[in-house]
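A short reminder: the numbers here are calculations on the coordinates, not readings from a lab. Source: prediction; values computed, not measured. When we count neighbours, we look across all protein chains shown, and the Cβ atoms used for this are built from the backbone with ideal geometry, even at glycine.
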Amino acid sequence: MKKEDVASLKKSGEKFASNLINAINESKNNSLDKLISALGIRHIGTKSAKILAREYGSIDRLMKASEKELSLLEDIGGITAKSVHEFFSQEQTKDLISKLKTAGVNMKEEQSEEKDGRFAGMTFVLTGSLEKYTRDEASEIIEKFGGKTSSSVSKKTSYVLAGEEAGSKLTKAESLGIKVITEAEFDEMIK
C-alpha cells in the first residue's frame, strides 16, 4: 500500500494517508501476543494470547504445537487448545502467516536478557480507579515481573490492588483476609 492509494479517501488526504501508512508500518513491530490476539482465534483474548506468546516465543513454534500440548498450559483449557490447533492447521491460516512474514510483521516474542520474577506464583486483582496507571498498564507490570491478574477475588488471590471507589472486590478480599494494597504500596513493590 502506498500513500497515493489512500490519499483520495479524505479531504486532508495527504496527511491522512501519511498517518495511516506510518501506523501500519509501526504495527509490524507489535509484540507477538498482540499478533496472536489480532488473528481472531476463537476463545483467544489478550490474556490467553500473552500466555501463548510467553510459552512458545514465536508463531512458528505455536503453529507446531499439538492440541494436547496446548491443553496442558495453565489457563488454556481443552476447548481453547482445540480452537488454537484447528486454527493453525488450516491452509488459509498458513497462507496468511506467510503473507504477514513477507510484509515484515514481527513473529517472535522479545526475550528480555534477565527475568525479574518477584511476582512469580502471585495473582493480583485490580479494583477501583488507579491514579498513576491504567488497569492495562498495571497488569503489564505485574506480568513483566512474573505475576498474573484475575478479574475475581478468590482464596488463591495474593493481593488486591485497590484504587478509588473500590467496590465488591475490596469487600470480598477483606472477608477472605486477602492483603489489600494501595497504589503507593504497589509502587514500592515494583521499585
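Can you say what percent of the DSSP beta bridges in the chain, counting only those with both residues inside, are antiparallel? Round to 5.
On the way: 2 of 12 bridges.
DSSP beta bridges in the chain are roughly 15 percent antiparallel.
Distance check, please: which entries in Lys101/Lys148; Lys144/Lys172; Lys28/Lys108; Lys50/Lys172 exceed 22 angstrom between their Cα atoms? Mind dumping the intermediate values first?
Values: Lys101/Lys148 30 Å; Lys144/Lys172 26 Å; Lys28/Lys108 11 Å; Lys50/Lys172 28 Å.
From Lys101/Lys148; Lys144/Lys172; Lys28/Lys108; Lys50/Lys172, over 22 Å: Lys101/Lys148; Lys144/Lys172; Lys50/Lys172.
In segment 101-179, what % of DSSP beta bridges are antiparallel (nearest 5)?
10
Only Lys, Arg, Asp and Glu count, each charged at its Cβ (+1, +1, -1, -1), so figure out the dipole size of the chain about its Cα centre, rounded to 20 debye. Don't skip to the answer; put the middle values down first.
Details: 31 positive and 31 negative charges, 107 e Å.
For the chain, the charge dipole is close to 520 debye.
Under unit Cβ charges (Lys, Arg +1; Asp, Glu -1), what dipole magnitude, rounded to 20 debye, does segment 32-102 have relative to its Cα centre?
Numbers: 12 positive and 10 negative charges, 40 e Å.
That gives a dipole near 200 debye.
Would you please classify the overall shape of segment 48-87 from the alpha carbon gyration tensor, given that a ≥ b ≥ c denote the square roots of the eigenvalues, rounded means a/c under 1.5, and beyond that prolate means a/b larger than b/c while oblate covers the rest?
Working: a/c = 1.71, a/b = 1.19, b/c = 1.44.
Because a/c hits 1.5 or more and a/b fails to exceed b/c, segment 48-87 counts as oblate.
How far is helix 135-144 tilted off the main Cα axis of the chain, in degrees rounded to 10, range 0 to 90?
It is inclined by approximately 90 degrees.
Which lysines have a Cα lying under 18 Å from the Cα of Lys68, excluding residues fewer than 8 positions away in the same chain?
Straight-distance partners of Lys68: Lys82.
Nothing charged except the Cβ atoms of Lys and Arg (+1) and of Asp and Glu (-1): what's the magnitude of the dipole of segment 104-170 about its Cα centre? Round to the nearest 20 debye.
Working: 10 positive and 12 negative charges, 89 e Å.
I would put it at about 420 debye.
Which of the three applies to segment 123-190, rounded, prolate or oblate, going by the alpha-carbon gyration tensor with a ≥ b ≥ c and a/c under 1.5 meaning rounded? Could you put the intermediate results ahead of the total?
Working: a/c = 1.67, a/b = 1.25, b/c = 1.33.
Verdict is oblate for segment 123-190.
Principal axes first, then extents: for the Cα atoms of the chain, list largest minus smallest coordinate on each axis, whole Å, largest first.
Taking the Cα atoms of the chain, the three principal extents are 59, 47, 33 Å.
Bins of 10 Å, beginning at zero and ending with the bin holding the largest distance: percent of Cα pairs per bin for segment 32-102, please.
Taking all Cα pairs of segment 32-102, the binned fractions are 21, 63, 15, 0 percent.
Can you tell which of Asn25, Ser158, Ile190 lies farthest toward the positive end of the dipole of the chain, using +1 and -1 charges on the Cβ of basic and acidic side chains (Lys, Arg; Asp, Glu)?
Farthest towards the positive pole: Asn25.
In percent, how large is the relative contact order of the chain, given Cα pairs closer than 8 Å and 6 or more residues apart? Working shown, then result.
Numbers: 236 pairs, mean separation 28.5, N = 191.
Dividing the mean separation by the residue count of the chain yields 15 percent.
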